[in-house]
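The values are calculated or read from the model by the stated rules, or taken from the named source; none is laboratory data. Quick caveat, the model's predicted, so the values are computed rather than measured. We place every Cβ from the backbone using ideal geometry, glycine too, and count neighbours over all the protein chains shown. Just so you know, the surface numbers come from the protein's heavy atoms only, side chains and all, with ligands and any DNA or RNA stripped out. Shrake-Rupley method; radii C 1.70, N 1.55, O 1.52, S 1.80 Å.
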Amino acid sequence: VSDRVGRQPLILAGLLICAVTFISMPHVGSFALLLVLSSGFGFGEAVVSSSSAALVADSSEFKRLGAGMGMQGTVMDIGHASGPLLAGLLIAHVSYQGAFAVIAGLQILAAIAFWIIGRWLIGKVVDIMQAAMSRNHVDPTLTKYLGSIVAVMLNIALVLGILGYFGVQTTSFAA
């Protein structure tokens, strides 16, 4: 799916799924609903893990792929290990519901940071493309025009991915 939709929108969607399900867990009154929310959280985790691994693979040179994947695995493992520790500290000092709210807030902040970084990367891609065109003596007006087109297209893809996550039917935009 991330090959069609893009890595960043799926990572953002996965983080948001984790946040929404996580913040809802302490407020459920039945085991069946807790099971559904836990499954949703697991689905969000799977989306983040697989899409971030694909993003690392896309971003790494072939000879550095192993190091990139090792770093990604290490960061994910640190996150998984620190989550229960953070939750325990928050439960001890805030409350059970407060701990879930704080952790969900952190997930939302991570999603926002990912959005900001994605936008920054789009700017870098456009800058690199325009610099390459300038080095090849392409007309400056054409260079700026093509850079604008690429920036708009990448931003549209990012926005459509996020809208699709929130349930907005985006297929009519593509038609």
Given (1) without any contact (Cβ under 8 Å) to a residue 40 or more places away in the chain; (2) more than 26 Å from I122 (Cβ to Cβ); (3) among the β-branched types (V, I, T), V56 misses just (2)
Within the stretch 4-14, the residues that are closer than 22 Å to A113 by Cα and open to solvent by 30 Å² or more (accessible area, probe 1.4 Å) are V5, R7, Q8, L10
Within the stretch 75-94, restricting to residues that are over 18 Å from L15 (Cβ atoms) and of a type outside the set (V, I, T), the one that is surrounded by the most Cβ atoms within 10 Å (Cβ to Cβ) is L90
query: Can you find even one residue in the stretch 31-51 that is among the aliphatic types (A, V, I, L, M) and within 30 Å of V152 (Cβ to Cβ)?
result: yes
Residue set Q72, Q97; condition open to solvent by 80 Å² or more (accessible area, probe 1.4 Å), modelled with pLDDT under 85, touching a helix residue (DSSP H, G or I) at 6+ places or on another chain (Cβ under 6 Å) and of a type in the set (S, T, N, Q); output residue Q97
